[in-house]
Amino acid sequence: MSLRGAAPPAATVVARGPFLAGGVVILDEAEAHHLLVRRVGDGSLIRLVDGRGGVATARVTHEGKTVVTRVIATVSIGAPPVTELLLGAGDRDRFLGAVEKATELGATRIVPVVSERAAGVAARFQAAHVEKAMARAREAVKQCGGSWGPAVGAPVALGDALRQHPAGAVRLLADHEGGPMPGLRESDAVQWAIGPEGGFTDAELGMLRAAGFRPVALARATLRFDTAAVAALAVTMMMRGRGEA
């Protein structure tokens, strides 16, 4: 069905797909509340995203406290190039902020890494915080107008994280003493390793280099881990834009 000339969607919400034209999608409590805050009334058009490339335009109906949407049109957005972060599970709040920014910058997977210097930090990101991280990712998808969000796993030891290797991925290590960023093609899979506060230990750096990670300097100064994650993804996006298709 064509929506040419129709008003733009009043809001974007995250819902469980797949979306089928003519089908009905019932919003969960959090997304229904989002529409309430935005004062989106009956008959309004909204944009549905499932975080896995499914996008739909739907019309809103309030049935008591339940918000029902009827799908009018759908589209499927292809998956972005694989872009993973092995991110030191440092301070919880900074980690959650990094998840939000990483979503906006195209990360497809975030693996919290329990490293030696973060293992004893009481406020570090832990398994109990994964659902909160996924919620932050969903909110970021809505706010940035994206259609894909990253998977966020439970914290794992560095050795276990290193075995999770996307086929053919360019493996890069954020290190202020490293070299320049290598060239990338648009389709290249990329996996970054970024240490927590205090960085990786010498033994951990040895493990990373043995696993094929290339040290790359993102700035002249030592960056906090959440800042390094943003810088790594931004430079990855830039280099892909300069590479061959």
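The values are calculated or read from the model by the stated rules, or taken from the named source; none is laboratory data. Please read these numbers as outputs of a predicted model, since none were measured by experiment. Positions of Cβ are backbone-derived with ideal geometry, glycine not excepted, and every protein chain shown enters the neighbour counts.
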Return yes when Pro155 is in the same structural domain as Gly97 (by TED's automatic domain parsing), modelled with pLDDT of 95 or more, closer than 23 Å to Val130 by Cβ and buried (at least 19 other Cβ atoms within 10 Å of the Cβ) and no when it is not. yes
Here the residues within region 74-107 that are in a strand (DSSP E or B) and in contact (Cβ under 8 Å) with a residue 40 or more places away in the chain are Thr74, Thr83, Glu84, Leu85, Leu86, Leu87, Gly88, Asp91
Candidate set: region 72-93, residues that are surrounded by 20 or more Cβ atoms within 10 Å (Cβ to Cβ) and closer than 22 Å to Cys144 by Cβ; chosen: the one farthest from the chain's Cα centre (by Cα): Leu87
Say whether the condition of being touching a residue at least 24 places away in the same chain (Cβ under 8 Å), outside any helix (DSSP H, G or I), of a type in the set (S, T, N, Q) and buried (at least 19 other Cβ atoms within 10 Å of the Cβ) is met by at least one residue in region 58-67. no
Does at least one position in region 190-206 carry a residue that is under 26 Å from Pro81 (Cβ atoms), surrounded by fewer than 18 Cβ atoms within 10 Å (Cβ to Cβ), modelled with pLDDT of 95 or more and assigned by TED's automatic domain parsing to the domain that holds Ala107? no
Given the residues Val75, Val55, Val111, Val13, which is the only one that is at negative phi and in contact with a His (Cβ under 8 Å, 6 or more places away or on another chain)? Val13
What tally of residues in region 178-215 results from selecting those that are part of a strand (DSSP E or B) and touching a helix residue (DSSP H, G or I) at 6+ places or on another chain (Cβ under 8 Å)? 5
Qualifying positions in region 54-77 - more than 13 Å from Val13 (Cβ to Cβ) and of a type in the set (Ser, Thr, Tyr): Thr61, Thr66, Thr74, Ser76
In region 108-128, how many are touching a helix residue (DSSP H, G or I) at 6+ places or on another chain (Cβ under 8 Å), not in a loop (DSSP other than H, G, I, E, B) and not aliphatic (A, V, I, L, M)? 2
